[in-house]
Amino acid sequence: MRAHLEFDTRSLKEFELKVLDSIGFQVVNEIKRKIREIPLIDTGQFINSIHHRITNEGLIIEDGVFYGKFLEFGTTAHFVAPKTKKALRWEEGRKGRLAARKSPKDAKIRFSKGHMVRGIQAHAPFRKGIQVALKNLRV
């Protein structure tokens, strides 16, 4: 996911660049606050990958994970199938990476050669974070 606030920065003076950097810092912090509100299995990879930078075109805020766009915009229902094994395996009632850890002996283990999943809900942490940060901007 990438947000781009576009304007020409080549003519900006040092103070103005510091103000722009401060805006980027505030927007990134607000996006991270919005991400913490999402019920995710948190490895910290997504939130730690969000950063801002200033280029000749303007302020760029981006993340460094491939799945950021899925959390921002969501996904539709789709078919999942095993790629390296004969079947998918999970424990009923557990989700994500934590499902592979030890669990109670009464846990039901499920297998599938492929099935439909409902998709991921759109959470829009970038859009919501930018909107709140610009409304509460302190320069």
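The values are calculated or read from the model by the stated rules, or taken from the named source; none is laboratory data. The structure presented is a predicted model; accordingly, all values stated were derived computationally and were not measured. Cβ: placed from backbone, ideal geometry, glycine included. Neighbour counts: every protein chain shown.
Here are some notes:
- Strands (runs of 3 or more DSSP E) enclosed by region 87-139 - at least 1 residues per element that are in contact with an Asp or Glu (Cβ under 7 Å, 6 or more places away or on another chain) and either aliphatic (A, V, I, L, M) or modelled with pLDDT of 80 or more (or both): 109-112
Residues checked against (1) at pLDDT below 90; (2) assigned by TED's automatic domain parsing to the domain that holds Asn136; (3) closer than 23 Å to Leu137 by Cα:
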site: Ala3; (1), (2), (3): yes, yes, yes
site: Glu6; (1), (2), (3): yes, yes, yes
site: Arg33; (1), (2), (3): no, yes, yes
site: Ile41; (1), (2), (3): yes, yes, no
site: Arg53; (1), (2), (3): no, yes, yes
site: Phe66; (1), (2), (3): no, yes, no
site: Phe70; (1), (2), (3): no, yes, no
